[in-house]
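Participant: My questions all concern the structure below.
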Amino acid sequence: MKIVFMGTPLPAARLLQALIDAEEQIVLAVTQPDRPKGRHLHTSSSPVKELAEKYRIPVETPEKVKDQIFIDRIRSLNPDLIVVAAYGKILPKDLLTIPKYGAINVHASLLPKYRGAAPIQWAVLKGESETGVTVMQVSETLDTGDIILQDKVAIDPEDTAETLLDKVFEVGAQTLLRAIDQIKKGTEKKVPQKEADATYAPLITKESGEIDWKRSATEINNRVRALIPWPTAHTFYKGKMLKILKAEPAPVPGKFKPGEVIDIKDDFIVACGVGSLLLKEVQLEGGKKMTGEQFLRGHRLAIGEMLPS
């Protein structure tokens, strides 16, 4: 089966690797154009492009997928299937109708829950105990196509968005291969999504990391976990951003104000709207990552000091 693969970040590259290992015929890899990255804004290629070049797979990096020259390029390859994984753009109808079997997408949720750009982060933010991966037929609207296959993935209490992403796409690679096998055999069963059950997972922004101490300790801890590795949950200490990299709810008896530092003797604990939060790993703006205990040794916090919401 001749496949055009469309994806950009590392999780997508892992799926491309699975297709390569399964000896599928990848006739083209399509990915986002090279972008400036890092502190010094050096131009770098996407993980999908790097992997494709390693295996000498032709690569296209169109600025616009609606560009007729790009669409004609895909048509000239006469692919059987387009596989999409975290590509970052909605595909036009002119592209979807080219392959014999259309296009399928690997989405990191149990659709129709968490349609959109950040399903992993929102599953953690909402305190879900389970998510999964869906292989679906691509439609002209975002994440609404018929479901071909789904597999569930448990969310552990210690999972961050980063660790959960690894788990979901490890499972997703096998889900994708099973879906392609069914498509080849003509045994796939497409199930329409139930619109009434749809929820959305909008793009995460830098502002998403701001901690509101009036929320419960559980909600704040979920935010900490959901925003690893970016943009990270944060508060402020003496005018500097203080990133919270690891935390856990820590019930402390008594009545306190949200954002109040309530323990600096043994642990770094801050009161929340409901409950309190133990800060296990932090990073002050311009500094290194450190444990909460190390932070307390290096800074003169006082019981009753307030962290802003």
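Participant: What percent does the relative contact order of region 197-309 come to when contacts are Cα pairs within less than 8 Å and at least six residues apart? Walk me through the intermediate numbers first.
Facilitator: Details: 222 pairs, mean separation 29.9, N = 113.
Computed over region 197-309, the figure is 26 percent.
Participant: Specify whether the C-alpha gyration tensor of region 194-287 places it in the rounded, prolate or oblate class, a ≥ b ≥ c being the square roots of the eigenvalues: rounded for a/c under 1.5, otherwise prolate if a/b is larger than b/c and oblate if not. Could the numbers behind the result be given before it?
Facilitator: Numbers: a/c = 2.36, a/b = 1.41, b/c = 1.67.
Taking the square roots of the gyration eigenvalues as a ≥ b ≥ c, region 194-287 is oblate.
Participant: What stretch of the chain, leaving out the sites themselves, is the longest with no trypsin sites (Lys or Arg not before Pro) in a DSSP loop having at most 11 other Cβ atoms within 10 Å?
Facilitator: Values: sites that count: 39, 56, 64, 100, 189, 190, 194, 238, 255, 265, 288, 300.
That gives 101-188 as the longest site-free run.
Participant: For region 13-27, in order, what is each residue's ³J(HN,Hα) by Karplus, 6.51 cos²θ - 1.76 cosθ + 1.60 with θ = phi - 60°, in whole Hz (x at glycine and Pro)?
Facilitator: Couplings: 4, 5, 5, 4, 4, 4, 5, 5, 5, 7, 6, 6, 8, 8, 8 Hz.
Participant: Oh, and also: Once amide H atoms are placed 1.01 Å from N in the peptide plane, what residues at a sequence separation of 5 or more from residue 250, or on another chain, have their amide H within under 5 Å of its amide H?
Facilitator: 276, 277, 278
Participant: If you take the square roots of the eigenvalues of the alpha-carbon gyration tensor of region 1-98 and sort them as a ≥ b ≥ c, do you get rounded (a/c under 1.5), prolate (a/b over b/c) or oblate? Mind showing how you got there, number by number?
Facilitator: Details: a/c = 2.00, a/b = 1.25, b/c = 1.60.
The shape class here is oblate.
Participant: Explain nothing, just the number: dipole magnitude of the chain about its Cα centre with +1 on each Lys and Arg Cβ and -1 on each Asp and Glu Cβ, in debye rounded to the nearest 20.
Facilitator: Working: 43 positive and 41 negative charges, 108 e Å.
Roughly 520 debye for the chain.
Participant: Per-residue HN-Hα couplings for region 280-291, Karplus 6.51 cos²θ - 1.76 cosθ + 1.60 at θ = phi - 60°, whole Hz, x for Gly and Pro?
Facilitator: Per residue, the Karplus-derived 3J(HN,Hα) values read 8, 8, 9, 8, 7, 3, x, x, 9, 5, 8, 6 Hz.
Participant: Apply the Karplus parameterisation 6.51 cos²θ - 1.76 cosθ + 1.60, with θ equal to phi minus 60°, to every residue of region 220-232 and state each ³J(HN,Hα) to the nearest whole Hz, in sequence, with x for glycine and proline.
Facilitator: 5, 4, 4, 5, 4, 5, 6, 9, 8, x, 9, x, 6
Participant: Chymotrypsin sites (Phe, Trp or Tyr not before Pro) within region 47-120: which are DSSP loop residues with at most 16 other Cβ atoms inside 10 Å?
Facilitator: Sparse-neighbourhood loop chymotrypsin sites (Phe, Trp or Tyr not before Pro): 55.
Participant: Report the GluC sites (Glu not before Pro) located in region 142-202 that are in a DSSP loop and have at most 15 other Cβ atoms inside 10 Å of their Cβ, or state none.
Facilitator: Values: sites: 158, 162, 170, 188, 195; in loops: 158, 188.
Answer by residue number: 158.
Participant: Pull out the extension gain between residue 94 and residue 156, defined as 0.36 nm times the separation in residues minus the alpha carbon to alpha carbon distance; nm, one decimal.
Facilitator: 18.2 nm
Participant: Give the distance, in whole Å, between the Cα centre of region 255-270 and the Cα centre of region 152-188.
Facilitator: 40
Participant: Give me the percent relative contact order of the chain, please, defined on Cα pairs under 8 angstrom at least 6 residues apart. Intermediate results must be reported in sequence, preceding the final value.
Facilitator: Numbers: 664 pairs, mean separation 39.8, N = 309.
The value is 13 percent.
Laboratory data are not the source of any read-out in this text; all were calculated from the coordinates shown. What you are looking at is a predicted structure, and each value in this text was computed from that prediction instead of being measured. Don't worry about glycine lacking a Cβ; one is built from the backbone with ideal geometry, like all the others, and counts go over all protein chains shown.
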